[in-house]
1. Measure off 7 Å from each Cα along the Cα-to-Cβ vector at S235 and V179, then give the distance between these two points in nanometres to one decimal.
2. Please report the antiparallel percentage of DSSP beta bridges with both residues in the chain, rounded to the nearest 5.
3. Output ³J(HN,Hα) for the stretch 238-243: one whole-Hz value per residue in order, computed from phi by the Karplus curve 6.51 cos²θ - 1.76 cosθ + 1.60 with θ = phi - 60°, and x for Gly and Pro.
4. What is the pair-distance distribution P(r) of the stretch 1-76, computed from all Cα-Cα distances in 10 Å bins starting at 0, with each bin given as a whole percent?
5. What's the exposure ranking of M169, M39, M1, going from fewest to most Cβ atoms within 10 Å?
6. For the chain, build the charge dipole from Cβ charges (+1 Lys, Arg; -1 Asp, Glu) around the Cα centre, then report which of V3, T86, L25 sits farthest towards its positive end.
7. About the Cα centre of the chain, how large is the charge dipole given +1 on each Lys and Arg Cβ and -1 on each Asp and Glu Cβ? Please answer in debye to the nearest 20.
8. Provide the net charge surrounding I22, with neighbours chosen by a C-beta distance below 14 Å and charges set as Lys +1, Arg +1, Asp -1, Glu -1.
Amino acid sequence: MNVTILGSGSRGNAVVLEADGIRLLIDAGFNAKTLAARMATADIAPESISAVVLTHEHSDHVAGVCTAARRWGWKIFGTDGTIRGTAGLSNLNPITIDVELPLQLETMRVRCVRTPHDAGEPIAVVVEGIACGSRLGIAYDLGHVPAGLTREFQQLDGLILEANHDDEMLRAGPYPVVVQNRIASSHGHLNNRAAASLARQVAHRGLRHVVLAHLSQHNNTAALARSTVDAAIRSTDFRGALTVSRQDAVTSFTLQRARRAEQLSLL
Ligand SMILES: [Zn+2]
Ligand SMILES: [Zn+2]
């Protein structure tokens, strides 16, 4: 599975996944022009995207979805709460996700997990390439980690995980206290320590990529997020790459099912 993060942070989030020639977008949190420009840097034509799955209705996840879906013919999937909360979406025949059931989108299977966040019906996702077997988990915009998410995120090959803020930077930072409290609440955003704890719980030898995402511009630094998570997973079996996604730049990697590769090498 090819993974292309078009950008991540409070000013927009979108991830293109490709398995066996089919492309799926998770979130469309940039305007259509920016989505097209970021995709162009990764040689992805917007009309080659089959469908978009929305995690929730906040503008940094849906800003471009209506224009882009209309322009390039994308099918739109979201929970009932997300569809209701996204202005203009109901006119575009969106397909409602049943969170309890896996969603099969041609070459990929998407499992959804409910997340605690101040939105209508937010989700995290695990996307699996049906033929290649590789599994990617994406969890951002969650105030804490529910048990169901930790369970679903076992045995991933790749993980895109929110490391939104450092607690001390948030409290010493420029935001009004009411905003600080909202971010730090159990339905806000994940801090570095909570991200580190989840990463540690799902770390295993087959996990090849951990990408920290949705970093706050004011209340975190890439170095701090990375060092906090690195300290937590260094003592586990994790031997993969730990990187930090950026708000304004594209990050790409390819996921391979590690165990399958090891099995093949034994033949
Ligand atoms: Zn967000
Ligand atoms: Zn949000």
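1. A separation of 3.7 nm, rounded to one decimal place.
2. 55 percent
3. Those phi angles translate into 4, 10, x, 9, 10, 10 Hz.
4. P(r) for the stretch 1-76, in whole percents per bin: 22, 62, 15, 0.
5. By the 10 Å Cβ count, ascending, the order reads M169, M39, M1.
6. V3
7. 380 debye
8. On the way: positive: R23, K75, R109; negative: E18, D20, E47, E106, E128.
So the environment of I22 carries a net charge of -2.
Every read-out reported here was derived from the displayed coordinates using simple, explicitly stated rules and does not represent laboratory data. Just so you know, these numbers come straight off a predicted model, no measurement behind them. Backbone-built Cβ (ideal geometry, glycine too); neighbour counts: all protein chains shown.
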